[in-house]
Amino acid sequence: MKLGVSSYCFRQLMSSGEMDLIGVLDWVAASQAGHIEIAATDGAYYLENERVVRDTAKHAEEVGVPIVNYLVSGDLREGEGKEVDRLRRQLDVAQRFGAGIFRHDVAPWAWRERDPGEFESTFQKVVEGCRAVADHAAELGMVSTIENHGFFMNGSDRLARLVHAVDRPNFRVTLDLGNGLCVGEVPGKTAAGLIDVAASIGVKDFHIRRSAGEGWLKTLAGDYLLGTVSGHGDVDLPGLLALVATKPDVPVSLEFEGMEAPLPAIEQSLANILRLTTEGVA
């Protein structure tokens, strides 16, 4: 397994100024992780600070931590236009980082269509936008992906349909093993339905409850989720990692989003993932 981490794991420390990307790379280089993916929200900071991108790419090479994936937000509900142009510029940033994979959203995280008609009309616009982004990615020799993320473009059926409709060989999926829960899909179905079109894979774990207090995410199925250390929650990571092991060339990245202290939680999550993978192989 090619196991690494997402910079999203360090978001609290980066937001507070305790760590920057260089510090994150140094931490990863000393850990059991072998690569990093950069989660850049809208990516505006890196577009405006080319020197940071250049210095980060150089340092990543120096410490032997490849940047495999670059992730940004996106809203393609209107198809081609200014947003596609923005995503093309973000693809250029991804290339400067040295990433071979680019992940973009197609709608705001919390947005959900009101009815099937709105879904179908929006879907056609999303296909149009994804094709335009993927075509620019192809010019750069990169893979463009959409993640099963949020409440609209989530669930294995929707993602698989989108990949088929976009119909570009370099348009694939960043498969998050836990996110299908947000729309009431069990992780096993999500993984089985998307593993063959996955260009990268994200690992996370959740506590899952039927009722909960503040701070928990309510899913479309009425369950409540709270992120935690991988291996400490209710997601069937051993079964999912056994499936992931059938795709050894696909990069796998930890995405910790729990309430625990980040650095020990990341370290423990990596150790648990490696242990569960080894036990699954054995």
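The values are calculated or read from the model by the stated rules, or taken from the named source; none is laboratory data. Computed from a predicted model, the values in this text were never measured in an experiment. With ideal geometry, Cβ positions are generated from the backbone for all residues, glycine too; neighbour counts draw on all protein chains shown. Heavy atoms of the whole protein, side chains included, go into the accessibility calculation; ligands, DNA and RNA do not. Shrake-Rupley method; radii C 1.70, N 1.55, O 1.52, S 1.80 Å.
Results, tabulated for the structure shown:
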{"item": "Residue under evaluation Lys247, criteria (1) open to solvent by 50 Å² or more (accessible area, probe 1.4 Å); (2) in a loop (DSSP other than H, G, I, E, B); (3) free of Cβ contacts under 8 Å to residues at least 40 places away in the same chain; (4) farther than 23 Å from Asp26 by Cα, criterion not met", "result": "(3)"}
{"item": "Looking only at the stretch 227-244, and only at residues there that are of a type in the set (A, V, I, L, M, F, W, C) and crowded, with 18+ Cβ neighbours inside 10 Å, the one that is farthest from Lys189 (Cα to Cα)", "result": "Val229"}
{"item": "Filtered residues of the stretch 53-72 (kept if among the small types (Gly, Ala, Ser) and buried (at least 22 other Cβ atoms within 10 Å of the Cβ))", "result": "Ala60"}
{"item": "Candidates Ala192, Ala199 - the one that is under 19 Å from the mean Cα position of the chain (by Cα), loosely packed, with under 15 Cβ neighbours inside 10 Å and in contact (Cβ under 8 Å) with a residue 24 or more places away in the chain", "result": "Ala192"}
{"item": "In the stretch 6-53, the residues that are over 22 Å from Ile101 (Cβ atoms), assigned to a helix (DSSP H, G or I) and free of Cβ contacts under 8 Å to residues at least 24 places away in the same chain", "result": "Ser15, Gly23, Glu48, Arg51"}
{"item": "Selected residue (criterion: least open to solvent (accessible area, probe 1.4 Å)) from residues of the stretch 95-132 that are closer than 30 Å to Gly64 by Cβ and either assigned to a helix (DSSP H, G or I) or at pLDDT below 95 (or both)", "result": "Phe97"}
{"item": "Filtered residue count, the stretch 134-155, keeping only those that are under 21 Å from Leu237 (Cβ atoms) and either open to solvent by 20 Å² or more (accessible area, probe 1.4 Å) or free of Cβ contacts under 8 Å to residues at least 12 places away in the same chain (or both)", "result": "1"}
{"item": "Any chance Ala212 is open to solvent by less than 50 Å² (accessible area, probe 1.4 Å), in contact with a Lys or Arg (Cβ under 7 Å, 6 or more places away or on another chain) and either modelled with pLDDT of 95 or more or not acidic (Asp, Glu) (or both)", "result": "no"}
{"item": "Counted residues, the stretch 156-178 - those being open to solvent by less than 10 Å² (accessible area, probe 1.4 Å) and either in contact with a strand residue (DSSP E or B) (Cβ under 8 Å, 6 or more places away or on another chain) or closer than 23 Å to Thr41 by Cα (or both)", "result": "9"}
{"item": "Wholly within the stretch 142-220, strands (runs of 3 or more DSSP E) carrying at least 1 residues that are under 18 Å from Ala132 (Cα atoms) and of a type in the set (Lys, Arg)", "result": "171-176"}
{"item": "First in the stretch 69-85 and under 19 Å from Gly100 (Cβ atoms), second anywhere and at pLDDT 95 or above and among the acidic types (Asp, Glu), Cβ under 9 Å, 6 or more apart", "result": "Asn69/Glu37; Tyr70/Glu37; Leu71/Glu37; Leu71/Asp105; Leu71/Glu147; Val72/Asp105; Gly74/Glu83; Gly74/Asp105"}
